[in-house]
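Contents: one structure, followed by commentary.
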Amino acid sequence: MAISRREILKLGVSYGTGAINFGNDSVAYDRELRKFTNNEAYAAFKAALVPQGEGDEATVDMAAAAEAGRAFQSLCGNLAISGLYMKMSDILAQLDEECLPAVAELDDLEADYQALVSYLKSA
């Protein structure tokens with residue numbers, strides 16, 4: 001099934017910008033969007049947010065989480081996945097201030113990510 005520009009726009013993807021990023025080649029852009037479903041950048045970001053250590057000593061390496069988050073945000077930027085890119089901007093600002101993002105923000109990011117991945121796998 002082809003990627004519907006109307007449907008992908010609803011999921012926060014700026015299809016026109018993405019195609020421009022790939023030399024106005026929509027076939028190449030579609031191929032790269034489909035690869036997004038197998039990219040490990042989001043999984044690495046989530047893993048970086050898991051506290052390390054035990055009990056009260058468990059901490060999150062904010063620098064590692066920010067680095068992994070920037071890698072995911074960069075991927076979203078390259079693919080013109082504007083919705084996720086903007087959500088990551090807010091999350092990264094908090095990580096830069098050595099604060100963990102709110103669970104609601106991370107849940108919202110997860111829901112949008114999963115919706116996009118689900119659509120791309122079915123398209």
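Just one of the numbered conditions (1) surrounded by fewer than 17 Cβ atoms within 10 Å (Cβ to Cβ); (2) under 30 Å from Ala123 (Cβ atoms); (3) under 16 Å from the mean Cα position of the chain (by Cα) is not true of Leu79; which one? Failing condition for Leu79: (1).
Only one of the numbered conditions (1) surrounded by 14 or more Cβ atoms within 10 Å (Cβ to Cβ); (2) assigned to a helix (DSSP H, G or I) is not met by Ala47, and that is (1). Only a single criterion out of (1) of a type outside the set (Ser, Thr, Tyr); (2) at pLDDT 95 or above; (3) surrounded by fewer than 17 Cβ atoms within 10 Å (Cβ to Cβ) is not satisfied by Gly12, namely (3).
Taken over the stretch 73-123, the criterion of being free of Cβ contacts under 8 Å to residues at least 24 places away in the same chain, in contact with a Leu (Cβ under 8 Å, 6 or more places away or on another chain) and more than 24 Å from Ala2 (Cα to Cα) is satisfied by Gln73, Met88, Ile91, Gln94, Pro101.
Does Lys35 meet the test of being in a helix (DSSP H, G or I), within 17 Å of the chain's Cα centre (by Cα) and more than 18 Å from Ser122 (Cβ to Cβ)? Against the criterion (in a helix (DSSP H, G or I), within 17 Å of the chain's Cα centre (by Cα) and more than 18 Å from Ser122 (Cβ to Cβ)), Lys35 does not qualify.
The values are calculated or read from the model by the stated rules, or taken from the named source; none is laboratory data. As the structure is a prediction and not an experimental result, all values here were calculated from the model. A quick note on method: Cβ atoms are made from the backbone with ideal geometry, for glycine too, and the neighbour counts reach across all protein chains shown.
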